[in-house]
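Notes follow once the structure below has been shown.
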Amino acid sequence: MRLESIWQDVTYAVRGLRKKPGFTIAVVLTLALGIGANAAMFGVVDRLLFRAPSLMQDPDRVHRVYLVRTFDGKEGYGSWFQYTRYEDLKRWTTSFDVTAAMSESEVAVGVGDNAREMRVGAVSASYWKLFSMRPEIGRVFTAAEDTTPVGAPVTVLSYSFWQSRYGGKADALGQRLKIAKVDYEIIGVLPAGFTGMSEERPNVAWVPITTYAANEFTWNPKDLQNWFQKYNISWMQMLARRKAGVSVEASTADLTNAFKRSYAKQREMSPGTTLPEIAKPRAVAGSVLAARGPQPSEVSKVARWVSGVAIIVMLIAAANVANLLLARALRRRREVAVRLALGVTRARLMSQLLTESLILAVLGGGVGLIIAQWGGAMLRSQFLPSGESVSVTGDGRTMLFAGAAVLFVGLITGLAPALQSGRGDLTTSLKSGAREGTYHRSRTRVALLVIQGALSVVLLVGAGLFVRSLDNVRSLPLGYDVDPLVWVGVEERDEKLNEAEQSALRYRLRDAAMGLPEVENAARAVTVPFWMTWNEDIYVVGHDTAALNRLGSFNIQGASPEYLATMGTRLVRGRNIEASDTKDAPSVMVASASMAKVLWPDKDALGQCVRVGSDTVPCTTVVGIAADIRSSDDFTGENHLYYYRPVDQMAATKGGLFVRVRGDAARSAESIRRALQKTMPGSAYVTVKPMSEIYGPTIRSWRLGATMFVAFGSLALVLAAIGLYSVIAYNVVQRTHEMGVRVAFGAQVKDVIRLVLGEGLRVTVIGVVIGGAVALYAGRWVAPLLFKVKPTDPLVFGGVVAVLLVAATLASLIPALRAARVDPNVALRSE
């Protein structure tokens, strides 16, 4: 009997919705926008903050280990270890049944023109114990192949790389693949869907961590013990799985004790050096997901806020639909009264109305999933590792979330009309007769409009704050151009070149680049702003050395004479680096304007002496002053302590090239790489990266905030405007008789327009006041994500108020004009 009643409710609701296709489509599309936005955003946030790495076993017990150090009263978290530190913590802890070492980096895969930098994981053999999986073919490497000082040259491939490079053929096993400097034997392929711990691009292969480290960090082949018995290089991370029954607090205390013992051992092993004391040293068993912290990234913080924004959009859509359903219920008052008079219970009636709203929500959810699948691609490209494929409709967790959202929206949108239908006097409703369409005031509908307006204010204020932050970031003078620049990295791999050959190779690359038709200029460089820096202590007469070098890093760039012109950096005065500034010539430098001001505030910096690296070396003479530039170390600061030295006097065998192109740098990158690769000897190769891709991550959080808040804020504004329009339009239709009477008694067109506009603007103003108060209160939490703009910025709030009032005016104007054109004769006869 109950199933029969449900089926009757469904068929009745479907018949009613089919009779009103315009109403049905409007409601479905409104819900689809809200549900789709949330489903797409959930897929992103779930992967960033909640979902364990694929195929991980007992993920709730697996942790990423962080070391906490306090220097000068500031506590800092770090997850990068020396291998020696990892061995100490592994040996001196008892809380874990598995500990694993891990490092991921971009290295060359392949040889010759086919060599590409790809992401490769270097992991300990114990790493595989954290996952429950079987290789697609072959096997993973074992502890016997992962031993110090040098592990075995074996590798396992990702499923996607196996498919693309080897066509998915089993004969890939046993073949050799050159990764970085080593020829590895392929011993296995991991199953489809396994991504390991990748935080950026997915790995294409995994190698024993001891094999990787022995070849990367052993500069002297006679000293193979250097990399795993000393504390001189932090390059890997530690994963640990708690034993069953061991708490997080107990494992953290265990790690802290081990860290203290390890640091004491480090101090004992360094009798000739002075290691800084660490205040309150401790180790933390943190989340296995790096985005969750204990120091979450700016991107993950923005993702949290955008998730809240998506929920607000869904609430606005729900309020909009609830208002439409409520208006429909008011128009059906007499129908409802007749059904009640015929014996239908109020409970059954409410059930029918809720069924109708649930059907609309299901339809909206279906269309919303299509929107999420399409629009989610943009969100994934912004927040998730590049190359990670995420299907909304193919993901069970996202589908479950979408289902919950459909149920939630269906219930809350149907609740108001269902309750409304259950109230009211039956006799009055039956007597209404032909006047069932007359105007009925509803505080609930007004409240829903106010809620939509208030939530829209919150989103638009957030959008305005992030847009202003992004504008402030972009307006910062970098001191060089970004868009036309390409960085060319030189990777010699295992080619045995002496110092003269290494330097000559880089000059040949520069000359080859200069000969390309799309290249305007090219110069040698050692470091890359926003990517890699080089600094050394400096010694200047009249300055306390310790105090001087505490000012910040004096970053050095090794450059050829074409460098400033290539970068677009202005030479303020003096001379540039010249071809005559060779290794045997007197040492010279070009200082930044800020560096000159800090070191010689009352003197001319030209001709001054700076000793670099030691107070016993010969003077490096300042021969020029260049405009300030910004790099990653001082991006938002005011002191830009930077200087340039001739590359032959600083690091003749290091670095690569900056190339300035005439057209689009990204479009030219591959052709430049192919042309310069012809100059490289043997297995050496070049990498090419547009400067915009290097600089982009620095402003990524502001760009994401601005993009997402504007997108969702605009969507919320449209939904709120549509909601206001629909309510005002409905009210005008319901008040046709009233308007006719007003006109018949002498009301002017402007009076009618003022009446209708006033109704819409009153509701909007109330929403603006409430939303503004909420935005002011929430500003304290969003403030850390902003740049040079206060969360109470009057320009932003003023702009939002103006936008809302304009939108409300436009949304109310069409119904107002329709009301003004009412023919009083027709309106009165309709009574």
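Kindly state, to the nearest 0.05, the FRET efficiency for Arg397 paired with Leu476, given R0 = 41 Å and r defined as their beta-carbon distance. According to the calculation, E is roughly 0.55. Once the 1.4 Å probe is applied to the protein heavy atoms, region 645-725 comes out at 36 Å² accessible per residue. Relative to the current alpha-carbon distance between Val765 and Glu670, full extension at 0.36 nm per residue lengthens the span by 28.7 nm. Taking 0.36 nm per residue of separation and subtracting the Cα-Cα distance, full extension of the segment from Leu813 to Ala546 would add 89.1 nm. For region 665-716, the C-alpha radius of gyration sits at 1.83 times the compact-globule guess of 2.2 N^0.38 Å, with N the residue count.
Cross-linked pairs Lys496/Lys583; Lys90/Lys230; Lys689/Lys790: Cα-Cα separations exceed 26 Å for Lys689/Lys790. Sparsely packed loop sites in region 636-703 (the GluC sites (Glu not before Pro) outside DSSP H, G, I, E and B with at most 14 other Cβ atoms within 10 Å) comprise Glu638. Over region 476-589, accessible surface divided per residue gives 46 Å², non-protein components excluded, 1.4 Å probe. Take the Cβ atoms of Met532 and Leu407, set R0 to 56 Å, and the FRET efficiency comes out at 0.65.
Loop-located trypsin sites (Lys or Arg not before Pro) in region 584-620 (DSSP state not H, G, I, E or B) with no more than 12 neighbouring Cβ atoms inside 10 Å: Lys603.
Taking every protein chain into account, the accessible area of region 130-247 amounts to 45 square angstrom per residue (probe 1.4 Å).
The order of the peptides 38-47, 169-178, 82-91 by mean Cβ neighbours within 10 Å, most packed first, is 38-47, 82-91, 169-178. Computed in the context of the full set of protein chains, the accessible area of region 58-206 at 1.4 Å probe radius has 48% of its extent on carbon or sulfur. A simple spin-label model places pseudo-atoms 7 Å from Cα toward Cβ; at Thr621 and Asp60 they are separated by 7.2 nm. Accessible surface of region 474-566, 1.4 Å probe: 49 percent of it comes from carbon and sulfur atoms.
The values are calculated or read from the model by the stated rules, or taken from the named source; none is laboratory data. Keep in mind it's a predicted model, so treat the numbers as computed, not measured. Note that each Cβ is placed from the backbone with ideal geometry, even for glycine, and that neighbours are counted across all protein chains shown. Only protein heavy atoms, including side chains, enter the accessible area calculation; ligands, DNA and RNA are left aside. Shrake-Rupley method; radii C 1.70, N 1.55, O 1.52, S 1.80 Å.
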